[in-house]
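Before any comments, here is the structure.
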Amino acid sequence: MKKHIRLSILTATVLAICLLAALPSVAQNPYSRWKFDPISFNPPKPERFVLDNGLVVYFLPNHQLPVVTMSALVRAGEVYVPADKAGLAGIAGDGLVTGGTATKPPDEIDEQIESLGIQWSGDIGLESGQFSMNCLSKDLGTALPLFAELLMKPRFDSSRVQLAVANALEDLRRQNDSPGRIVRREFSKLVYGDHPYGRSPSEKSLGSLTRGDAVGFHERFFHPNTIILAVSGDLDVAALKSTLQTLFGSWKKADVSYPEVATPGTNASPGVYQINKDLNQTNIRFGHLGIDRHNPDRHAVRVLNYILGGGGFTSRMIAKVRSDSGWAYSVGTAFTGADKGGLFLATCQTKTETTAKALALMEWVVEDVRAHGIREEELETAKDAILNSDVFNYDEPDKIVENYAWEEYQGFPPDQLQKDVEAIKAVTKADVDAAAAKYLHPDQYTILAVGKIDAFDSLLSKFGNVKTMTLPETP
Amino acid sequence: MKQLRLAGCLVALAVVIHGATASAQDVTLDVKRRVLDNGMTILVVERPNAPVMSTYVSYKVGSANEWPGMIGAAHLLEHMMFKGTHTLGTRDYTREAPLLDREDSLRVAITAEERKADMYTFQRSVGISDVPDNSALVASLKAQLETVRLVLDSLVDKNAYEALYNRNGADGFNAGTGYDGTTYYVNLPSNRLPLYMSVESDRMANPVLREFYAERDVVIEERRLKLDNEGPAKLFEQLVGTAFIAHPYQIYWEWKSEVANLTRPKLVEFHKRYYAPNRMVLAIVGDVKADEVFTRAQDAFGKVPREPDPDPVVTVEPPQQGERRIIQEFDAEPYLSVGYHKTAFSDPDDLVYRVIHRLLSDGRTSRLYKSMVIDQQIASSVSSYDYPGAQAGDLYPDLMVFDVEPKSPSTPVDCEKALYAELEKISTIPVGKDELQKIKNRMESDFIWSLYSNLGLAGQIAEYEARAGDWRYLLTIRDRLAKVTPEDIMRVAKKTFTAENRTVGTLVPIKSES
């Protein structure tokens, strides 16, 4: 009886899909006929200037509120850290933010920053570091020198570095607490293998980190010519230029050698993997290596992903798995961005009893777009959505300067954002269909399910050879 | 479509000061307000910097307005409000409407027959003879339901509401259900104002809760995602269920059993009662003209009738007269949550509590962070927040919660001791002048930043308008905050941080077999 019901639900879904396909695909609602003029907006272009030592600055004034935003993008990252020091980039970022400066111990800086309500944070990720400082414009005279000193002469007070390491170790102890965290980490490890993109810190690597490592990391990667500043707010360009010259002018430019980061070759571990944990919902993630940030087909891929599973409720996978079936609250696809090669992935959390069914339906959605391509009106919806919301890249000055800084950081020309718009406009159905054929590879899938294995609705062996993994040991 | 429920994370305290002390910088906030005859309130801030607008709707209804048998109604209705109207989301509403009714009655009939079947099974199991067998009837009802569903599926214009806004450039499109309020927000290019007004009034007046039963499953799946499989959230559910024994705030998240039995007709009734123009505030901030917004709102919403105000929540939580302790076992590392009852937003001490939060847990110089994370190193994080923690303050007496992540080998017990030591200090030693001034400066800075984004500003004025009946409530906070004294802090801390007013929850690890 039970089995029969399950089957009929799946059949009903497939039948409904067929029925829908036969109907006129755009229903006539009164609102779909509303047409609007194209948004006419020439967003302000930030001023770009470069100090003699190579520090690049983007700036836009904004006098709406008496505030200033400042963000520093630093060419540094975990990918440049040797495997036995895994976790160093994060510790260096934390140590820089919390560890004081050459002239001021950490407690004093904390007190100063918080007494003025300055917002100050930072982090070093895989391929970039970002530090930001927001303050009231009346406090800029205090805040900006502090920010500059932290970037140039961080103290890395050993008490704070040790604290950062100890907290990272506690975080490692908690690495298996949350199923979402498990599936993200283990999936990356499976697909990337030994590549730094798939790496996580270990008790051993974290335990080896010292103040000297953080200082060395800073000395190696933090130089005026590795930093792009993005500034907006209630000040003028002349004042900013002279202040930055005073604060950063004496900082010497340096040659920095970056270790070569390999291009991930192929999916390191295709196949089906499962991890047992006593949960009532299974975390599913499948996919394979995707494209790098500069891939010339990336605009077609963006449109493809919007239609496939990245465009919210209008996308296919969400319509099928969530709206039609009620099998997931959160489901979708993504092509992640990375310099040397991101991932294509599909993710879903579904109750234990629909694990295999949801996975099968997700796979079917990908297969279907590969086999039959997209429809013209899906293309229109995706392009309209991307192009009409483009204005939200420019609606606030801090977003504008940060977008320009980020494009330059990635090595794109200054007008890349406008070029992207033109490229999206030019994407055709044929481009998207070709991207689906070229960048979706069901034969290369790594499939990972984290949940209560013995209660799955069926064995996962129908998706391939299944290996059951154990969770990594915690300290 | 996601719930605004904030457990286990530091809830941003809504900070509200206008202008400032002598050293501070004044900001202007020009909010234009109009109340339509049907009671709908519209707030507008004109900001012509970029051709965009942020829209934020707050309805005065949330999970505190539910009752047994209807738990989860506010949240599920929030999801259902994305399913369209008589004209949006359908290929033929005249065919669809009777089939939706038919689906409801078939599901009611199936549930009734399945209950009977359970009874028959029980009767057979104890040896009663001649028990009827209704399995053929159940199968037939299910077959009919399947047919109806297939036709209904063919009549749906799937996710048309989202598609419409997305095609028009929507950004940050979402909604959230709280305990005393439900919100809907989206950023759009500002030339879409006429479309927005038309669609939103249609959603208020003519919603169709199609695809109801699949969405019910989605809401249950959301519970599994955010609660059932996350240790600290499970702990929190038990904590508030223990701290509150009477008030509806006792239910942190709707129970699966309740949601699974909600029906479309029940939610249609809930919508009629609570989604009336007189229970709604709309705020728009961006490149719009207030007069045009008011005119269009009158044209679009003016015809929607006012509804009688439903009864407010009358249940008053009885005073707690002794410490309560609970344990939640879960396959995760230890965690500690401690809650103290405190007053509602309308209490004169509300601002004193906001200052206490800041003193204790905001930033690296806060007392708990300094003591537990930096000096003693017994915790890797500590935070405090109000539960439920609405942006403009909670309508009813709420809970001040402390969350601590103990750092091994320290235990939740170690962390409890350290927490109580700091709470004792703040209750007995007057806070220094500089420390208090630091907090006031921070709150002022945060207030100014809270006006930065269009959506942030729209949300803030809408929430204060909905909570206090007048958005200008937020402008009064500066003067009231200036008057908070070290003695106030000590007095309020002393009456709050007592053992008998406290509920303590501990997450205790158990390992699942692998």
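Determine the shielding of peptide B:146-159 by partner chains: average, over its residues, the number of Cβ atoms on other chains within 10 angstrom of each Cβ. Mean shielding by partner chains, rounded to a whole number: 5.
Is there a pair in A:K452/B:K511; A:K35/A:K419; B:K417/B:K511 whose C-alpha atoms are over 18 Å apart, and which pairs would that be? It would help to have the intermediate numbers written out before the result.
On the way: A:K452/B:K511 13 Å; A:K35/A:K419 25 Å; B:K417/B:K511 27 Å.
Distance filter (> 18 Å) returns A:K35/A:K419; B:K417/B:K511.
Sort segment A:326-428 into rounded, prolate or oblate with this rule: let a ≥ b ≥ c be the square roots of the eigenvalues of the Cα gyration tensor; rounded if a/c is under 1.5, and if a/c is not under 1.5, prolate when a/b is larger than b/c, oblate otherwise. Prolate, since a/c reaches 1.5 and a/b exceeds b/c. In order along segment A:49-63, the Karplus-derived 3J(HN,Hα) couplings, from 6.51 cos²θ - 1.76 cosθ + 1.60 at θ = phi - 60°, round to 9, 10, 6, 4, 8, x, 5, 8, 10, 10, 9, 9, x, 7, 9 Hz, and Gly and Pro are given as x. With N counted as the residues of segment A:263-469, its alpha-carbon radius of gyration over 2.2 N^0.38 Å works out to 1.09. Here the contact order of segment A:47-248, divided by its residue count and restricted to Cα pairs under 8 Å and six or more residues apart, works out to 39 percent. Beyond a 19 Å Cα-Cα separation, which of these cross-linked pairs lie in this structure: A:K138/B:K32; A:K45/B:K289; A:K277/B:K234; A:K45/A:K252? The pairs that break the limit, which is 19 Å between Cα atoms, are A:K138/B:K32; A:K45/B:K289; A:K45/A:K252.
Taking every residue in A:103-114 and counting other chain Cβ atoms within 10 Å of its Cβ, the average works out to 3. Applying the Kirkwood pairwise sum to the alpha-carbon positions of segment A:270-375 produces a hydrodynamic radius of 14.4 angstrom.
In summary, the lysines within cross-link reach of B:K342, defined as a Cα separation below 19 angstrom excluding same-chain residues under 8 places away, comprise B:K425, B:K494, B:K495.
Excluding same-chain residues fewer than 8 positions from A:K104, which aspartates and glutamates have a Cα within less than 17 Å of its Cα? By straight Cα distance, A:K104 reaches A:D94, A:E114, A:E149, A:D157.
When ranked by the protection proxy of mean other Cβ atoms within 10 Å per residue, highest first, what sequence do the peptides B:188-195, A:324-331 form? Before the final figure, lay out the partial values.
Working: B:188-195: 21.2, A:324-331: 23.8.
Final packing ranking: A:324-331, B:188-195.
When A:I118, B:I128, B:I220 are arranged by Cβ crowding within 10 Å, least crowded first, meaning fewest neighbours, the order is B:I128, A:I118, B:I220.
Look at A:C348, B:C415 and count the other Cβ atoms within 10 Å of each Cβ; fewest to most, that gives B:C415, A:C348. Within 10 Å of the Cβ of each residue in B:50-59, the mean number of Cβ atoms contributed by other protein chains is 3.
Expressed per residue, the C-alpha convex hull volume of segment A:47-248 stands at 136 Å³. The ranking of A:M469, B:M204 by Cβ neighbour count inside 10 Å, starting from the fewest, reads A:M469, B:M204.
Mind running the shape call on segment A:137-261? Use the C-alpha gyration tensor, a ≥ b ≥ c as the square roots of the eigenvalues: rounded below 1.5 for a/c, prolate if a/b tops b/c, oblate otherwise. Since a/c reaches 1.5 and a/b is larger than b/c, the shape of segment A:137-261 is classed as prolate. In deg cm²/dmol, rounded to 500, what helix-only [θ] at 222 nm does chain A give when every DSSP H run of at least 4 residues adds -39500 (n - 2.57) and the total is split over its residues? -12500 deg cm²/dmol, from helical runs alone. Give the shape of the protein assembly as shown as rounded, prolate or oblate, defined through the alpha-carbon gyration tensor: a ≥ b ≥ c are the square roots of its eigenvalues, a/c under 1.5 means rounded, and otherwise the shape is prolate if a/b is larger than b/c and oblate if not. Rounded shape, in that the Cα axes give a/c under 1.5. Amide H contacts of B:E329 (H built 1.01 Å from N, in plane; Pro and chain starts excluded): B:V508 sit under 5 Å, all sequence-distant by 5 or more or on other chains. In this structure, the residue pairs whose Cα-Cα separation is over 21 Å, taken from A:K320/A:K351; A:K383/B:K83; A:K340/A:K462, are A:K383/B:K83; A:K340/A:K462.
3J(HN,Hα) along segment A:231-237: 10, 9, x, 7, 7, 10, 5 Hz, from the Karplus curve 6.51 cos²θ - 1.76 cosθ + 1.60 with θ = phi - 60°, whole Hz, x for Gly and Pro.
I'd like to compare A:178-185, B:479-486: which one has the highest average count of other Cβ atoms within 10 Å, and what's the full order after that?
Working: A:178-185: 17.8, B:479-486: 14.2.
Ranked by mean Cβ neighbours within 10 Å, highest first: A:178-185, B:479-486.
Karplus-based coupling profile of segment A:96-106, in residue order and whole Hz: 5, 5, 10, x, x, 10, 3, 9, 9, x, x, with θ = phi - 60° in 6.51 cos²θ - 1.76 cosθ + 1.60 and x standing for Gly or Pro.
Every number here is computed from the coordinates shown, using simple stated rules; none is lab data. Predicted, not measured: the structure shown is a model, and the values here were computed from it. Please note: Cβ atoms are built from the backbone with ideal geometry, for glycine as well, and neighbour counts cover all protein chains shown.
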